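The values are calculated or read from the model by the stated rules, or taken from the named source; none is laboratory data. Bear in mind the structure is a predicted one, so any value in this text is a computation, not a measurement. Methodologically, a virtual Cβ is constructed for each residue, glycine included, from the backbone with ideal geometry; neighbour enumeration extends over all protein chains shown. Surface areas here come from the heavy atoms of the whole protein model, side chains and all, with no ligands, DNA or RNA. Shrake-Rupley method; radii C 1.70, N 1.55, O 1.52, S 1.80 Å.
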Amino acid sequence: MSIIRDPSLAPSGRKKIEWVRSFMPALTRIEQQFEKEKPFKGMRIAVSVHLEAKTANLGLVLAKGGAEVFLTGCNPLSTQDDVAAAIAEMGVETFGKYGVTPQEYEDLLAATLECHPDLIVDDGGDLINLLGGRCASFGDRLIGGCEETTTGIHRLYAREREGVLPCAMMAVNDAKAKHYYDNKYGTGQSVWTAIMDTTNLVVAGKTVVVAGYGWCGKGVAMRAKGMGANVVVTEVDPFKALDATMDGFRIMTMDEAAAIGDIFVTVTGCRDVIVPRHFAKMKDHAVLCNAGHFDCEVDVASLRSLAVKSEECRKDIIGYTLEDGRTLYVLGEGRLVNLACGIGHPAEIMDMSFSVQALSLQWLAQRAGALEKKVYTVPDSIDEQIGRYKLEAMGLAIDYLTPEQEEYLSSWAV
């Protein structure tokens, strides 16, 4: 039985779902294939991804493939109540409400897993965490699952090293069709859409500090530069720092950048990136936000304890006034800004990411009983198929290697 906030919101959510379905052609091709072949017949799939329209579309595609789908969110502030109502009305069991407490959020995840899934889709590792602990008894049918994020994959490899990974998992984030597209272009656009809509401030002329220059950081920095910002990058990896330098960005430590930044965006996947010693140096009215998965990159708890006053200045903006009179603004409680304050990546971007999820789940289903409890890479054949679907949908064509070229590339002989 679905757990949602308000069934009457379904008409609004249905319109959102119908809109994105029109702009996800690769996933539509896969849906047509699934409807004929029913690769998930008799299976249950639990999905924990940001519960909004593109995710709802993924749920519908998996259901067309014969699965019973159980859908929940992966962040307390990214669930859209109208989409949750709509997808529940459309026959997908849904467990999601916006703005729940941490305990309520975990309970919704646990309720999703009560179906005893055969397959899972995870985003940040919350389902895997529960299946390795509180919900271990719900994993008796598990074949495997897919992980959407860099942060989640780091945790999967850590579990594999320690021998506590509960099932085979596909590193979906590492697929070319995912991180080349989603992490760079999706994050780059959706982060700035959310920041601009939430603050109603100009980006041009401001100093933007981007912490982390992985694929997501590249996208955030690139879009900020394109809008006229002066971009500073902070890094812990010397080669990523060199990469940022070659791309035309200034490199410095966060201790140095703290004093000059107007807008700070953390994209590291790590904790304690911006902490009290940085708050002490920041300009009055500096804006802080996080585009990494978890809300531990900006130490909001410490900022709250340092503040003599805090207030909601606008929706999704809390101003923390310090003893010396400076006010620092935190967006979306330090949670994933493009979803806590926005609606996430564009539909065309998630078309690629969710196509990887769908075909990776099919790959796992076809190998039931033959998989080890380890992290698997997405086969090149899946990436290739999705890339060609996308190009065809865009009316673009590329060349194919001739047999002679393939032989030349695979041979040591000149």
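Would you check if Leu60 is more than 16 Å from the chain's Cα centre (by Cα), open to solvent by 10 Å² or more (accessible area, probe 1.4 Å) and of a type in the set (A, V, I, L, M)? Break it down stepwise before answering.
Working: more than 16 Å from the chain's Cα centre (by Cα): yes; open to solvent by 10 Å² or more (accessible area, probe 1.4 Å): yes; of a type in the set (A, V, I, L, M): yes.
So Leu60 passes the test.
On inspection, Trp412 fails the criterion of being at pLDDT 95 or above and either closer than 15 Å to Cys146 by Cβ or surrounded by fewer than 17 Cβ atoms within 10 Å (Cβ to Cβ) (or both).
For region 70-89, state whether one or more residues are open to solvent by less than 40 Å² (accessible area, probe 1.4 Å) and free of Cβ contacts under 8 Å to residues at least 40 places away in the same chain.
Kept after step one, since they are open to solvent by less than 40 Å² (accessible area, probe 1.4 Å), are these residues of region 70-89: 70-88.
Adding the requirement that they be free of Cβ contacts under 8 Å to residues at least 40 places away in the same chain leaves 73, 79.
Checked against the condition, which is being open to solvent by less than 40 Å² (accessible area, probe 1.4 Å) and free of Cβ contacts under 8 Å to residues at least 40 places away in the same chain, region 70-89 yields at least one hit.
Residues in region 90-111 that are within 25 Å of Gln362 (Cα to Cα) and open to solvent by 40 Å² or more (accessible area, probe 1.4 Å): Met90, Gly91, Glu93. Restricting attention to region 393-407, the residues that are surrounded by 10 or more Cβ atoms within 10 Å (Cβ to Cβ), hydrophobic (A, V, I, L, M, F, W, C) and without any contact (Cβ under 8 Å) to a residue 40 or more places away in the chain add up to 2.
Considering every residue within region 233-252, establish whether at least one is in a strand (DSSP E or B), under 17 Å from Met282 (Cβ atoms) and either at pLDDT 95 or above or open to solvent by 20 Å² or more (accessible area, probe 1.4 Å) (or both). Yes. The set of residues in region 380-414 being outside any helix (DSSP H, G or I) and more than 12 Å from Ala26 (Cα to Cα) consists of Gly395, Leu396, Ala397, Ile398, Asp399, Tyr400, Leu401, Thr402, Ser411, Trp412, Ala413, Val414.
Going through region 112-132 one residue at a time, which ones are open to solvent by 20 Å² or more (accessible area, probe 1.4 Å), more than 19 Å from the chain's Cα centre (by Cα) and either closer than 22 Å to Leu58 by Cα or among the aromatic types (Phe, Trp, Tyr) (or both)?
Step one: filter region 112-132 for residues open to solvent by 20 Å² or more (accessible area, probe 1.4 Å), giving 114, 116, 126, 129, 132.
Filter again for more than 19 Å from the chain's Cα centre (by Cα), leaving 114, 116, 132.
Of everything in region 112-132, those that are open to solvent by 20 Å² or more (accessible area, probe 1.4 Å), more than 19 Å from the chain's Cα centre (by Cα) and either closer than 22 Å to Leu58 by Cα or among the aromatic types (Phe, Trp, Tyr) (or both) turn out to be Glu114, His116.
Within region 256-311, the set of residues being among the polar types (S, T, N, Q) and buried (at least 22 other Cβ atoms within 10 Å of the Cβ) comprises Thr266, Thr268, Asn290.
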